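Written out below as structure tokens is the structure these notes cover.
The values are calculated or read from the model by the stated rules, or taken from the named source; none is laboratory data. Computed from a prediction, not measured in an experiment: that's the story for all the values here. Note that each Cβ is placed from the backbone with ideal geometry, even for glycine, and that neighbours are counted across all protein chains shown.
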């Protein structure tokens, strides 16, 4: 900009960048319209991949009669096959907040542990909140992909046991072993003022 003797503010630069990205990749509304095609392409090009898109059926949330995005679940075939072939029957599940255009939504994840004790991605979903119903939906699809309910006693799940997850497990997978993540347990103790080294060593 100095070459052309122009001076712009950070806000102007950001808005220009945003407009350029919209021209290249499309607006967020246009990108949401492509999700159906994305799911179809994933299922076509990656045989065995699970890609489930759910729209909000509530008439009050529709925009000009068009249903809005609600949830998306993806389990790539390679991740599914690799986990079943070479990982232990231990799954960690967790959720976190999303920012940006999906602000207010939650990312749910399921990961395993490979032979090198590294985290192995299995499946993920974008949902409207970390609630009992969304966890039930996620666990149902995960079960369909991995066949957990065929032998539930062989599986162990690790989580922070947040409120929505506990009843979802009780209802959907009552026979699996469900244990507390030690890091979350220690953080909860610290939050209550019990963060000494002795407690940390015991955990």
| request: Identify all residues within the range 30-65 that are within 27 Å of residue 19 (Cα to Cα) and loosely packed, with under 11 Cβ neighbours inside 10 Å; write none if there are none. | output: 30, 37, 63, 64
| field | Residue list for the range 17-38, filter: under 18 Å from the mean Cα position of the chain (by Cα) and touching a residue at least 24 places away in the same chain (Cβ under 8 Å) | value | 32, 35
| From 140, 134, which residue is touching a strand residue (DSSP E or B) at 6+ places or on another chain (Cβ under 7 Å), assigned by TED's automatic domain parsing to the domain that holds residue 108, surrounded by 14 or more Cβ atoms within 10 Å (Cβ to Cβ) and not in a loop (DSSP other than H, G, I, E, B)? | 134
| query | For the range 167-180, which residues satisfy the criterion of being farther than 12 Å from residue 136 by Cβ and either modelled with pLDDT of 90 or more or out of contact with any strand residue (DSSP E or B) (no Cβ under 6 Å at 6 or more places or on another chain) (or both)? | reply | 174, 175, 176, 180
| task | Answer yes or no as to whether residue 67 is within 19 Å of the chain's Cα centre (by Cα) and modelled with pLDDT under 95. | result | no
| query | Only one residue in 113, 122, 158 is touching a helix residue (DSSP H, G or I) at 6+ places or on another chain (Cβ under 7 Å) and touching a residue at least 12 places away in the same chain (Cβ under 8 Å), so which one is that? | reply | 122
| message | Looking for something over 17 Å from the mean Cα position of the chain (by Cα) and either surrounded by 13 or more Cβ atoms within 10 Å (Cβ to Cβ) or not assigned by TED's automatic domain parsing to the domain that holds residue 169 (or both) - is there at least one such residue anywhere in the range 96-107? | response | no
